[in-house]
Every structure is written in structure tokens, then in C-alpha cells.
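Participant: Here's a structure for you.
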Amino acid sequence: MNMTAADAVEFVNGIKDALDQIDGVDVAFCPTAIVIPALAEALAGTKVGVGAQNMYWEEKGAFTGELAPSMLTPYCQYVILGHSERREYFGETDEGVNKKAKAAIAHGLTPIICCGESLAQNEAGETVSFVGGQIRGALDGIAAADVAKLVIAYEPIWAIGTGRVAEPADINTIIGQAIRGVVADLYDQDTADQVRIQYGGSVKPENCSAIMAMENVDGALVGGASLKPSFVELVQNAL
């Protein structure tokens, strides 16, 4: 919940040309809903995409405050689903994330499905089982061909906005076991190899290269660092 539409447009206008010149990295901004149309207009004609932070699974109806998939498709290519803040503050469940993912896919949006454990779960050695369960719930009933094209973001809750970052080797192991390994079990290795898996949690220009060097990490879901001009440096360091 950062930046008005005017603030966001001013910000992206200052960095979009630099981002557009970086080859080999897909970039998208996912602002609060009221900002999306203005940002999409500002980024038109560039390689930089736009995503939403959430949506509902119904096409229309009396669901006050929600956004239907078709309301996003004129502006967005992506939609974040099941972010830890949505789960913690607004009671979102794996079942709801699954319904939203199916609706997003049906409307041509690429879901960015979030998963991640709490500090207590991490310290109790429950990370792999908990995150794996989130993935199984989120992907239930989704075809392998669709899974191969979506994005999964591993965000340990204890590392979001805290300045604490999981060690790159640990990130690689967790993603390999709890996410890519689970996708392989549910579908096949080819699908698991194709799905794009990001890491999120205090990703910054100075730690991005080390994280991105890991075999199982295909990208980053960036929070606070995406609000600064140095985001361009972060994207460059993702190569």
C-alpha cells in the first residue's frame, strides 16, 4: 500500500527506459489496485509488465471490495495470490488461493502463487512439510500445462521486511524440496523444471546476485527495494 497513482507514474517514468534496456530479465510492477490503470498506461510500449496484488475468483456479483479477473485483464499480465499478508491479515486459505489461481489462468493472467513459513515453523523444522502442503493445496486440480507457465514465490514470513534473508544455499534446498520437488511429485520433472520459482524476503541489489545464482531460483518477488531507483541495479544483478 505504497504510492498514489501520480507518485507511481512519476517513479516508473524515471526508471522505465533503463529497465527496458535490460535483456534477459522479465520485470513487472504490482501496485495497489487503484494505481494499476495509470501505471499500465505509463508502461505501455515497454517490456515492463503490470500485475495486481490480489483478485477474487468470481466473475461478478455482490462481493463488495473485490476485483474480478476480467477487471484486471485490460491492464495486467500477472496477479499475486496468497501473499503472506493476505493470509495473515485477511484469512486467505490454500483453498481460496487455488480457486483464484484457476480463475486467473482461465482469464489469461499468470498467477504468482506465494508460499512460506513462519519463524516458529522454520525453527521447528516444519518448513518443507508446511510449504509443500501450501503448494499441493494451491495447485489442486490445475493441469500440468498450466502449472508449467505459472510463477511460485517462496517468501519465508520471517524474512519479509525484516532485513533478515535466508542463506542462498538454504533457499535453494527448500525450493528444491518443498516446491520444485512437490511439483515433480504431483506432475512430472519436466513440469517442475519449467515452473518459474522466485524468492522473496528482503531482496536488495546487494544480495540479489547471490540468491539468483542458486540453481532452483528463477527470480525474485521484491518488496521495499522496488520502491527505490536502485531497483534498476537489482534487476541488473539478477542476470
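Participant: If amide H atoms are built 1.01 Å from N in the plane of the peptide, which residues on other chains or at least 5 residues away come under 5 Å of the amide H of V79?
Facilitator: A52, T110, I112
Participant: Starting from the Kirkwood Rh over alpha-carbon pairs, what translational D in µm² s⁻¹ does the stretch 56-129 have by Stokes-Einstein at 25 °C and 0.890 mPa s?
Facilitator: 182
Participant: Also, I was wondering about something else. Could you give the length gained by full extension between Y89 and A120, i.e. 0.36 nm per residue of separation minus their alpha carbon distance, to one decimal place?
Facilitator: So the chain would gain 9.4 nm between Y89 and A120.
Participant: Place a +1 charge on the Cβ of each Lys and Arg in the stretch 5-237 and a -1 charge on the Cβ of each Asp and Glu, then give the dipole magnitude about the Cα centre in debye, rounded to the nearest 20.
Facilitator: Result for the stretch 5-237 is approximately 360 debye, rounded to the nearest 20.
Participant: Next question. Connecting C-alpha atoms closer than 10 Å in a GNM of the chain, tell me which of K228, K100, K204 has the biggest fluctuation.
Facilitator: Highest fluctuation among the options: K228.
Participant: Between S209 and D20, what FRET efficiency follows from the Cβ-Cβ distance if R0 is 22 Å, with the result rounded to 0.05?
Facilitator: Calculated value: 0.55.
Participant: Given points 7 Å out from each Cα along the Cα-Cβ axis, report the L227 to D7 separation in nanometres with one decimal.
Facilitator: 0.7
Participant: Continuing with the same structure: Ignoring solvent entirely, what values of log10 I(q)/I(0) come out of the Debye formula for the stretch 186-238 at 0.17, 0.18 Å⁻¹ when each Cα is a single scatterer?
Facilitator: Results for the stretch 186-238 at q = 0.17, 0.18 Å⁻¹ read -0.53, -0.58.
Participant: Another question, then. So if each residue of separation counts as 0.36 nm, and I subtract the Cα-Cα distance between T32 and T173, what length gain in nm does that give?
Facilitator: Between T32 and T173, full extension yields an extra 47.5 nm.
Participant: Now for a separate question. Which order do peptides 26-34, 143-151, 119-127 fall in by mean Cβ count within 10 Å, highest first?
Facilitator: 26-34, 143-151, 119-127
Participant: Among G163, G219, G201, which one moves the most in a GNM of the chain with springs linking Cα atoms closer than 10 Å?
Facilitator: G163
Participant: May I pose another question? Test of the criteria: in the stretch 1-82, which trypsin sites (Lys or Arg not before Pro) are in a DSSP loop and have at most 13 other Cβ atoms within 10 angstrom of their Cβ?
Facilitator: In loop regions of the stretch 1-82 (DSSP not H, G, I, E or B), the sparsely surrounded trypsin sites (Lys or Arg not before Pro) are K60.
Participant: In whole angstrom, how far apart do the alpha carbon centroids of the stretch 73-135 and the stretch 164-239 sit?
Facilitator: 15
Participant: Got a sec to turn the phi values of the stretch 23-37 into Karplus ³J(HN,Hα) couplings, 6.51 cos²θ - 1.76 cosθ + 1.60 with θ = phi - 60°, whole Hz, x for Gly and Pro?
Facilitator: 9, x, 9, 8, 10, 8, 9, 10, x, 4, 4, 5, 8, 3, x
Participant: Follow-up. If you take the charge dipole of the stretch 5-237 about its Cα centre, with +1 on Lys and Arg Cβ and -1 on Asp and Glu Cβ, which of G200, Y78, N172 is farthest toward its positive end?
Facilitator: Most positive-ward Cα: Y78.
Participant: How charged is the neighbourhood of A225? Take every other residue with its Cβ under 11 Å from the Cβ of A225, and add Lys/Arg as +1 and Asp/Glu as -1.
Facilitator: Surrounding charge for A225 is 0.
All of the numbers you see were taken from the coordinates with simple rules; none came from a lab. Everything numeric in this text was worked out from a predicted model, so none of it was measured. Counting neighbours? That spans all protein chains shown, and the Cβs are built from the backbone with ideal geometry, glycine included.
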